[in-house]
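Shown next, in structure tokens, is the structure this report addresses.
Each reported figure results from applying straightforward, stated rules to the coordinates on display, with no laboratory input. Model, not experiment: these values are computed from the prediction. Every residue, glycine among them, receives a Cβ derived from its backbone with ideal geometry; neighbour counts consider all protein chains shown.
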Amino acid sequence: MKKKIYRVRIIFLIIANGLFISVGILYFRNRVELSIGTVAPAHVGGIDIVVKINGRHILSDSLFYGFNNYKTSIIKLRPGHHKVAIVSNRAKYNEEKEVFIFINQSIVIEFYPKDSLLRREGFFDLRVINGKFYYE
């Protein structure tokens, strides 16, 4: 009798864990958070940015500096390799990078303005992080 109850509990736990994992994978599978912002004051009128992922237009906007002023949007992407193109006319930047996206990851794009001592031109930094993007 005890062995039968033990087997039923084990089978129930295996089914519950499998259901929990499969629901989590199906829910987070296509959801990727895209956060875009600037880390320091740049131009007075802001920085224009156009983001394309796999040739599909995702975002076209202007970035202004401000505390916690990141634009965040949820996009649907399957896990795997993707080409992210970032174009900015004002910053004279045009680059395409390949990233690998897995389940429950976020893409962060930050603009670093030009610095008279270190950098002659501004650039965009593209990162893929685990979980959601947040401030500390």
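Observations on the structure shown:
- Linear extension gain, K3 paired with Y134, 0.36 nm per residue minus alpha-carbon span: 42.3 nm
- The alpha carbons of region 61-122 stretch over 40, 25, 20 Å along the principal axes, in descending order.
- Estimated 222 nm signal from helices in the chain, with DSSP H stretches of n ≥ 4 weighted -39500 (n - 2.57), rounded to 500: -7000 deg cm²/dmol
- Magnitude of the charge dipole for the chain, about its Cα centre and with charges confined to Cβ atoms of Lys, Arg (+1) and Asp, Glu (-1), is about 1160 debye.
- 5 angstrom amide H check on A91, placed H, neighbours 5+ away: D48
- Summarised as an ellipsoid, the chain has semi-axes of 43, 15, 11 Å, derived from the eigenvalues of the Cα gyration tensor scaled by 5 and square-rooted, with the largest first.
- For a straight C-alpha distance cut-off of 26 angstrom, the lysines reachable from K71 (same-chain residues fewer than eight places away being disregarded) are K52, K83, K92, K97, K114, K132.
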